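**Student:** What follows is a single structure, and I will ask about it in a moment.
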Amino acid sequence: MAKYKDAIDLYDDDGKLLKSNVTIDRISPVVNKGALNVIDLTKRTVAVNFAGIEDALKTGKMGGKSNQILGRSMSCSCVKDCDALTAKIKDMVQVAPGDDTKITKVGGGKMILVEVPTARMNAAATYDVASTVVAAATTYALVDQYKVGMFDGSYIKELSGVPTRRPWTCRAAMSSRSCPSRRTTKVSATHSVTFRPTTRS
């Protein structure tokens, strides 16, 4: 590993000096366990915005206020049912009881932070396993909690962010040309939308 002469001072969250003149190579996650733990936790943690999902399902708005599925509305008390949804999500995300899966409630249930178990990260072939497994678990938790029928299942998937079977999916909105049966607003070239590749099955 390369060695560097550049040195820094390390401080804790309160501004207290921990150590002076630490060379750059000493804080690399390759050799520094603390730095590695921070990176590992960052990769394993996914936020689920229950308040945002609840509002999106109720109003049909997603990807910004200009993108809305008109005429579609579903009443789901995601914040109120946070504990029930969290239990369902954890049951699907964890690999085995007692592993390092962890879910933290934030803002009284408006949001949760899901720490995906290390076993899933180690077995993954791609970088997006954490977000994918949490998105899928959240979607199925909503479907199960609110007894969503087969004709409204795709509505839940679009608004909760789970990858779909289409090769390219626009999370903000879909044009009526790509999905004639879905009533949507037209996406203009000025709207900022995010496309994400998904696996065709």
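Coordinate-derived values only; no laboratory data. Predicted, not measured: the structure shown is a model, and the values here were computed from it. In this analysis, Cβ positions are derived from the backbone assuming ideal geometry, glycine residues included, and neighbour counts consider all displayed protein chains.
**Student:** Return the residues of the range 79-96 that are buried (at least 18 other Cβ atoms within 10 Å of the Cβ) and among the acidic types (Asp, Glu); say none if nothing qualifies.
**Tutor:** Asp81
**Student:** Quick one: in the range 113-123, of everything that is of a type outside the set (A, V, I, L, M, F, W, C) and surrounded by fewer than 18 Cβ atoms within 10 Å (Cβ to Cβ), which residue is farthest from Val46 (Cα to Cα)?
**Tutor:** Once the filter is applied, the top-ranked residue is Asn122.
**Student:** Of all residues in the range 1-49, how many are touching a strand residue (DSSP E or B) at 6+ places or on another chain (Cβ under 6 Å) and part of a helix (DSSP H, G or I)?
**Tutor:** The number of residues fulfilling the criteria is 1.
**Student:** I'm told Met62 meets every condition in (1) in contact with a Lys or Arg (Cβ under 6 Å, 6 or more places away or on another chain); (2) in contact (Cβ under 8 Å) with a residue 60 or more places away in the chain except one. Can you identify the failing condition by its number?
**Tutor:** Unmet condition: (1).
**Student:** Tell me which residues, restricted to the range 28-51, are surrounded by 15 or more Cβ atoms within 10 Å (Cβ to Cβ) and in contact with a Leu (Cβ under 9 Å, 6 or more places away or on another chain).
**Tutor:** Once the filter is applied, which keeps residues that are surrounded by 15 or more Cβ atoms within 10 Å (Cβ to Cβ) and in contact with a Leu (Cβ under 9 Å, 6 or more places away or on another chain), the range 28-51 yields Thr45, Val46, Val48, Phe50.
**Student:** Out of Thr138, Thr132, Thr126, I need the residue that is hydroxyl-bearing (Ser, Thr, Tyr) and either over 13 Å from the mean Cα position of the chain (by Cα) or loosely packed, with under 13 Cβ neighbours inside 10 Å (or both). Which one?
**Tutor:** Thr126
**Student:** Could you check the range 97-112 and list, in sequence order, the residues that are surrounded by 14 or more Cβ atoms within 10 Å (Cβ to Cβ) and out of contact with any Pro (no Cβ under 8 Å at 6 or more places or on another chain)?
**Tutor:** Passing the criteria: Lys102, Ile103, Lys105, Val106, Gly109, Lys110, Met111, Ile112.
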